[in-house]
Each structure stands twice: as C-alpha cells, then as structure tokens.
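First up is the structure itself, then whatever we jot down about it.
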Amino acid sequence: MSGNTPIGIEFFQRDPLICARELIGCTFGLGDTAGKIVETEAYAAVGDRACHTWKRAAREFVSSHAPGTAYVYLNYGMHWLFNFLVKGAKREGFVLIRALEPLEGIPLMRRRRTRERLQELCSGPAKLTQALGITGDHYGCNPLNGKGWLLSKPPGDHEVVVSNRIGITLDAEYPWRFLSKGCPFVSVPA
DNA sequence: GGGCCGATTAGG
DNA sequence: CTAATCGGCCCG
C-alpha cells in the first residue's frame, strides 16, 4: 500500500498518551493477519499504579529494551496481552492494544478464534492476540523490524474518543483509553 | 511453601 | 455472575 507512513523508532520516543492516541487508525499485523487499531490504552512507568512496573521484571524490561519493543504478558493464567514499549520522552510506559478492525487473514482469524462474526475476532486485548497468533514467544520482539510484523500509518485522520481505562482498580480514573469514534469493533463502547 | 490477585473471556 | 488457570509478590 502506498501513502502509508512507515512507523520508526521515533514514533515511540514520545509521551505514552501521545503514542496511544496516534496508534488509533494504524495498521497492525503479524504473519498473514492484520487489522486497524481502533482501541488503545496508555500506562505510565512512574506514577501509575495500574502499570506493571511495580514488578521488577517490567522495570527491567523498560530499561533494557528499545522503544517500540513488544511487551507481551499472560493475564489470568490464559490470555496474552500485547503492549508497545514507549520511552525516550519525559514520561515512559506502555501502550496496550485493545481492539482491531479485522482487515487481512480473516478466515485464519476465524479459525484461531473459533468465532465467525467479525465483531468477535479482535474486540478485546486477548481476542486480538489470539486472532493474530501473538503469544509469549513474542515477548521482547520488535515489530518495527521483526520478521512478519506490520505497523504503518495510513493517510487521513480519525476522530478519537477518550475514556477511562478498562478492567483496572488502581488509578482507574485516568482518562487514558483511546477509541476510534463510533467504531463497532471496540471492546467496550465509550 | 501457601494464599491471593490480576490490563480477560465465554458460558450459564 | 462465575469458572478457568498461572506467574509473581507478599508473608512468615
């Protein structure tokens, strides 16, 4: 596709909230599957009790990896969740990818998800990792130059809606969730 | 070592 | 509303 702006490391050397907002509308994929990012959340390494940096491993991840690196972790013992590492500006942290609009490899997504309806393929942080085939094997990978990964910014702008983050108890009042306005593929409507 | 909890999801 | 399911942290 032409007209797409390639995303480089500089993209992730900004504030996590800026990155989270700017990722809305970007194309994200692995292997033969891809989708448009329609929902994200920002997490701050410092001053955000919902961020994983209360763990030693997460703090070491932040300090030892490059901006844009994939931080993938197992949640509730069974679901993989995908984040981009954001660092280089005053505030560091992660952007959680929470939902995609399916674009490529939809038959494969349906098989992996054992669901038919488009809205059930990638409308949640653990659903989309299952649909794309993302697992703990991708912990520490870099989608900016890693084999099989796709991340680019198509031309045009999106109306973005802001709301509180989902599924957390600490610092739940931070308005750090970003959604594509009116999109039917998000996890929870704004 | 034991207990508890989580950035979730699917099914009753 | 709840089970599923497991790694990390805290306590002792």
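Readers should treat all values here as calculations from the given coordinates under stated rules, not as data from a laboratory. All values reported here derive from a predicted model rather than from experimental measurement. Because the Cβ atoms are built from the backbone with ideal geometry, glycine has one as well, and the counts that use them run over all protein chains shown.
What to note about this one:
- A:Gly31 passes every criterion in (1) surrounded by fewer than 16 Cβ atoms within 10 Å (Cβ to Cβ); (2) over 18 Å from the mean Cα position of the chain (by Cα) apart from (2).
- Hits in segment A:46-71 (condition: among the aromatic types (Phe, Trp, Tyr) and either under 21 Å from A:Glu10 (Cα atoms) or touching a residue at least 24 places away in the same chain (Cβ under 8 Å) (or both)): A:Phe61, A:Tyr71
- When residues in segment A:1-22 are screened for being assigned to a helix (DSSP H, G or I) and not β-branched (Val, Ile, Thr), 9 of them pass.
- Here the condition is being out of contact with any helix residue (DSSP H, G or I) (no Cβ under 8 Å at 6 or more places or on another chain), free of Cβ contacts under 8 Å to residues at least 12 places away in the same chain and more than 22 Å from A:Arg177 (Cβ to Cβ); of A:Gly3, A:Gly8, A:Gly77, it holds for A:Gly77 alone.
- Residue within segment A:2-24 that is within 11 Å of DNA strand B (Cβ to nearest atom) and β-branched (Val, Ile, Thr) present: no
- Considered as a group, the residues in segment A:44-57 that are in contact with a helix residue (DSSP H, G or I) (Cβ under 7 Å, 6 or more places away or on another chain) and not in a loop (DSSP other than H, G, I, E, B) include one that is surrounded by the fewest Cβ atoms within 10 Å (Cβ to Cβ), and that residue is A:His52.
- A single member of A:Ala70, A:Ala57, A:Ala89, A:Ala45 is within 24 Å of A:Pro154 (Cα to Cα), among the small types (Gly, Ala, Ser) and more than 8 Å from DNA strand B (Cβ to nearest atom), and it is A:Ala70.
- Here A:Thr40 meets the list (1) over 15 Å from the mean Cα position of the chain (by Cα); (2) assigned to a strand (DSSP E or B) almost entirely, failing just condition (1).
- Test: residue in segment A:134-149 that is within 14 Å of DNA strand B (Cβ to nearest atom) and aliphatic (A, V, I, L, M): yes
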